[in-house]
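The values are calculated or read from the model by the stated rules, or taken from the named source; none is laboratory data. Bear in mind the structure is a predicted one, so any value in this text is a computation, not a measurement. Because the Cβ atoms are built from the backbone with ideal geometry, glycine has one as well, and the counts that use them run over all protein chains shown. In case anyone asks, the SASA skips ligands and DNA or RNA and just uses the protein heavy atoms, side chains included. Shrake-Rupley method; radii C 1.70, N 1.55, O 1.52, S 1.80 Å.
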Amino acid sequence: MRTSELIAVLAADPVPEPIRIGRRVAAALAIGFIGSLAIYALLMGPRPDIAEAARTVRFNLKFVDAFAFALPSLLLTLRLARPDAKPQALALWLIAPLILLAAGVVVELLVVPSDQWLARLVGHHSMFCMRMIPLLAAPMLAALIVALRAGAPMHPALTGALAGAATAGIAALLYASHCPDDSPLFVATWYPLATLICAAVGALAGWRFLAW
């Protein structure tokens with residue numbers, strides 16, 4: 001086959017429509033989120049003092065930062081599901097939650113005595129956090145990988161990693177309502193580590209199931 005003929009054949013292949021992929025992803029996330037909610041209800045539930053905690057900046061910062069991370073990660077995943085993806089500009093939005101969390105850490109270090117820094121960083125439920133965020137993310141990530149198979153990502157492992165990161169962000173929104181550790185030092189340490197686990201699993205799943 002001549003090069004020109006090969007190009008013509010490739011050009012004739014249908015390219016996944018953004019709307020179609022978006023609907024698939026939305027449906028997958030909805031189904032996966034139901035599974036995550038079931039895990040949350042069975043194993044965790046909201047913390048007893050949630051009404052009082054909701055009046056504090058530290059508690060609310062966890063939700064703002066998780067949302068600010070989950071949304072661009074999900075949009076990037078959608079963008080990368082197409083073979084003509086150009087995600088550079090959108091990727092810059094991932095800097096926003098990092099800046100927000102870094103600012104929270106700086107303020108925490110300024111207002112909290114230094115002899116309390118380590119205790120706040122370790123918290124009370126660090127290992128529980130590391131287990132629960134990936135567990136809550138698992139149903140959403142599995143559903144999302146299935147939905148993304150309708151796409152044609154040029155970088156399947158990266159697409160899967162971002163899917164894992166996005167579902168970790170959504171899982172963090174759930175887990176934050178249970179977590180009694182509100183210090184930005186804790187959040188900046190253990191939430192990202194849990195997210196890395198989800199991203200690694202997502203990368204492996206993307207490499208295995210999204211390659212074409």
Rounded accessible area per residue of the stretch 95-151, 1.4 Å, Å²: 54
The stretch 62-212 - percent of accessible surface contributed by carbon and sulfur, probe 1.4 Å: 76
Point-to-point label distance, L37-A103, nm (Cα→Cβ direction, 7 Å offset): 3.2
Per-residue HN-Hα couplings for the stretch 99-115 [Karplus 6.51, -1.76, 1.60; θ = phi - 60°; Hz; x = Gly/Pro]: 5, 4, 5, 4, 5, x, 5, 4, 4, 4, 5, 7, 9, 9, x, 4, 6
Segment I197-R23, extension gain: residue separation times 0.36 nm, minus the distance between their alpha carbons: 60.0 nm
Note, ³J(HN,Hα) from phi for the stretch 42-53, Karplus 6.51, -1.76, 1.60, rounded to Hz, x at Gly and Pro: 6, 10, 9, x, x, 5, x, 9, 4, 5, 5, 5
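Could you order peptides 140-149, 202-211, 111-120 by the average number of other Cβ atoms within 10 Å of their residues, highest first?
Most protected by this proxy first, the peptides run 140-149, 202-211, 111-120.
Could you order peptides 127-136, 73-82 by the average number of other Cβ atoms within 10 Å of their residues, highest first? Don't jump to the answer; show the numbers that get you there.
Working: 127-136: 19.8, 73-82: 23.6.
In descending order of packing, they fall as 73-82, 127-136.
If r is the Cβ-Cβ distance from W93 to H124 and R0 is 45 Å, what FRET efficiency results, to the nearest 0.05? Present the calculation step by step, with values, prior to reporting the outcome.
Numbers: r = 32 Å, r/R0 = 0.71.
Once the sixth-power term is evaluated, E becomes 0.90.
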Cβ crowding within 10 Å averaged over residues, with 193-201, 161-169 ranked highest first: 161-169, 193-201
Förster radius 45 Å - calculated FRET efficiency between R149 and V57 (Cβ-Cβ, nearest 0.05): 0.60
